[in-house]
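Reading through the structure tokens given below for one structure.
The values are calculated or read from the model by the stated rules, or taken from the named source; none is laboratory data. Remember, it's a predicted structure, so these values are computed and weren't measured experimentally. Glycine gets a Cβ as well: all are built from the backbone with ideal geometry, and neighbour counts include every protein chain shown. Please note that ligands, DNA and RNA were not included when accessible areas were found on the heavy atoms of the full protein model with its side chains. Shrake-Rupley method; radii C 1.70, N 1.55, O 1.52, S 1.80 Å.
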Amino acid sequence: MDLYVAPSILSADFAHLADEAAAVRGADWLHVDVMDYHFVPNLTIGLPVVQSLLRVTDIPLDCHLMIENPERWAPGYGEAGARNVTIHAEAAVDPVAVARDLRATSALAGLAIKPGTPLDGYLDILREFDTLLVMTVEPGFGGQEFIEEVLPKVREARRLADSGHLQLRIEVDGGVNETTIEAAAEAGADVFVAGSAVFGADDPAAAVAALRRRAERARAGTAAR
Ligand code: DX5
Ligand code: ZN
């Protein structure tokens, strides 16, 4: 599978989202962090902003729902036209039901796990999902440091996906930058979310391209071994 770079608009200027989306041309997905102040101690944006964004950008939207009761809210993002909608395992009562509802909207279904959440409890349901988002920071805020201790979980997810012939994208989110992206790619991630590393750069599109090059190089190195 191709590597995807997904800039997170959490680090963008919320008053100029159309311009910010235009500034990351070449990105594969645009990552939208939805926070409800309950599942995480922060509050961001929701469906109306996603609907507006869909009207101004061709970049597929990757909605990361850090919210309680995803059963109630997630399908709306798929119906609106988001490409991928990810819910948190820790918040969902019936993640499989949400995955099925999402896929029925023709969105891809994603399952996210926090740094401290083991993969073990979710092995049986991974085939219901298209994306596994392994958080590499505690969800809630941009600009935090990448937690390297999470990498074995990425490696394990990659091994399981490959051995089970799952078409599962493995996404890392939090603290991804030009330094940390290589280890994440080596561990088997293939979607890389980056907020501050992209929107904090003078040239966000160049930052996306640079991240992609680093990840591709790391992956090529792994394949050569
Ligand atoms: C954090 C969010 C991330 C955040 C990443 O809860 O899920 O998507 O925007 O920001 P950086 O790349 O700055 O760590
Ligand atoms: Zn996110």
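A few comments on the model shown:
- For segment 58-76, the condition holds for at least one residue, the condition being that it is under 19 Å from Val208 (Cβ atoms), in contact with a strand residue (DSSP E or B) (Cβ under 7 Å, 6 or more places away or on another chain) and touching a residue at least 60 places away in the same chain (Cβ under 8 Å).
- Entry remark, segment 25-45: residues being away from ligand 1 (no atom under 13 Å from the Cβ) and either in a helix (DSSP H, G or I) or in contact with a Phe, Trp or Tyr (Cβ under 8 Å, 6 or more places away or on another chain) (or both) number 1 in total.
- Residue satisfying all of: in segment 178-206; open to solvent by 10 Å² or more (accessible area, probe 1.4 Å), of a type in the set (A, V, I, L, M, F, W, C) and within 11 Å of ligand 1 (Cβ to nearest atom); nearest to Glu156 (Cα to Cα) among these: Ala197
- When Val134 is tested against (1) open to solvent by 10 Å² or more (accessible area, probe 1.4 Å); (2) outside any loop (DSSP other than H, G, I, E, B), only condition (1) is not met.
- For segment 185-204, the set of residues classified as among the hydrophobic types (A, V, I, L, M, F, W, C) and either away from ligand 2 (no atom under 16 Å from the Cβ) or not in a helix (DSSP H, G or I) (or both) consists of Ala185, Ala187, Ala189, Val191, Phe192, Val193, Ala194, Ala201, listed by residue number.
- Of everything listed in (1) open to solvent by 30 Å² or more (accessible area, probe 1.4 Å); (2) part of a strand (DSSP E or B), the single unmet condition for Leu65 is (1).
- Of everything in segment 161-173 that is within 16 Å of ligand 2 (Cβ to nearest atom) and open to solvent by 10 Å² or more (accessible area, probe 1.4 Å), the residue that is nearest to the chain's Cα centre (by Cα) is Asp173.
- Among (1) touching a Leu at 6+ places or on another chain (Cβ under 9 Å); (2) closer than 20 Å to Leu30 by Cβ; (3) not aromatic (Phe, Trp, Tyr) - the single one Arg127 does not satisfy: (2)
- Sole exception among (1) closer than 14 Å to Leu3 by Cβ; (2) part of a helix (DSSP H, G or I) for Ala207, by number: (1)
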